[in-house]
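Take a look at the structure set out below.
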Amino acid sequence: MVEEGSNVLRDLVRHVGRYPDDAFLFVREGLAKTAEHTHGTETDAHRRLYRYLAAHHLDWSDLVARYQAGELPRAVVKDIEAAGGCGKLNRHLTGRELCCGLRDYAIARWGMMARVVLAAWNIRETADFGRIVFGFIEFNIMQKQPEDSPDDFNNVFDFGEAFDKAFDLASDSGKDAKHTSEG
C-alpha cells in the first residue's frame with residue numbers, strides 16, 4: 001500500500017490534484033477500518049492473495065473461477081482455504097459503505113472537528129471520497145469491481161447532516177453524541 005512520504009503517494013496526489021497527502025492517507029486508513037468492521041480482520045492469507053491477484057492481473061471472480069476449475073497452484077489454494085473459502089475472499093465495499101465508514105472514522109478520530117479537518121483537505125462532499133478512491137484505483141493501489149463507478153460516491157449523505165448534526169448539543173443530556181451508523 002502507499003506509505004506517507006513515498007514517491008507513489010506524491011505522484012498520486014499530483015495526479016488527482018485537489019487533495020493533500022493527508023486526505024489520501026485518511027481514506028486508506030478509513031478503508032482498512034471499514035473493511036475490518038464489515039468483513040472481519042484481514043489475514044496473511046488475504047494479503048498473499050491480493051499480491052497474487054496483482055501479479056497475475058486477476059480479479060476475485062477470476063480467482064474463484066480458476067479455483068473451481070482446479071487451475072491454481074497449491075499454495076494459492078491453501079491461502080483461499082485459510083481465508084475461509086471462496087465466499088470470504090472478496091473484502092469489497094460499495095461506495096455507500098465506504099462513505100459511511102469514512103464518516104464514522106472521521107467522527108471517531110476528530111469528533112466535532114471532523115468536518116473542519118476534512119474541509120481543510122478540500123473534502124466537502126461524498127463525491128470527494130470517490131475521487132480519492134478512484135485515484136487509488138487508477139494507480140493500481142486499490143481494485144474495483146466491474147460495476148463500481150465514481151457515481152457510487154455521489155450524494156451518499158450531506159456533510160452538514162452527518163458531521164454538524166452528529167453532535168446534538170441541545171439534547172436533553174447535552175453530553176451524548178447522537179451519531180448513528182447508516183450503511
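The values are calculated or read from the model by the stated rules, or taken from the named source; none is laboratory data. This is a predicted model, so every value here is computed, not measured. Here the Cβ positions follow ideal geometry from the backbone for every residue, glycine too, while neighbour counts run over all protein chains shown.
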Restricting to segment 6-27, and then to whatever is modelled with pLDDT under 95 and charged (D, E, K, R), can you tell me which residue is surrounded by the fewest Cβ atoms within 10 Å (Cβ to Cβ)? Arg14
Matching residues, segment 53-87, being within 20 Å of the chain's Cα centre (by Cα) and in contact (Cβ under 8 Å) with a residue 24 or more places away in the chain: Leu53, Ala54, Asp59, Trp60, Ala83
If I ask for residues that are closer than 22 Å to His56 by Cβ and either of a type in the set (S, T, N, Q) or touching a residue at least 60 places away in the same chain (Cβ under 8 Å) (or both), which ones from segment 125-145 would you list? Phe136, Glu138, Phe139, Asn140, Ile141, Met142, Gln143, Gln145
From the option list Leu102, Leu63, single residue qualifying as modelled with pLDDT of 90 or more, crowded, with 16+ Cβ neighbours inside 10 Å, out of contact with any Asp or Glu (no Cβ under 8 Å at 6 or more places or on another chain) and more than 22 Å from Val27 (Cα to Cα) is Leu63
Among the residues of segment 66-92, which ones are surrounded by 16 or more Cβ atoms within 10 Å (Cβ to Cβ) and either more than 22 Å from Glu147 (Cα to Cα) or hydroxyl-bearing (Ser, Thr, Tyr) (or both)? Tyr67, Leu72, Val76, Asp79, Ile80, Ala83
In segment 23-38, anything in contact (Cβ under 8 Å) with a residue 40 or more places away in the chain and farther than 10 Å from Leu102 by Cα is listed as Ala23, Phe24, Ala35, His37, Thr38
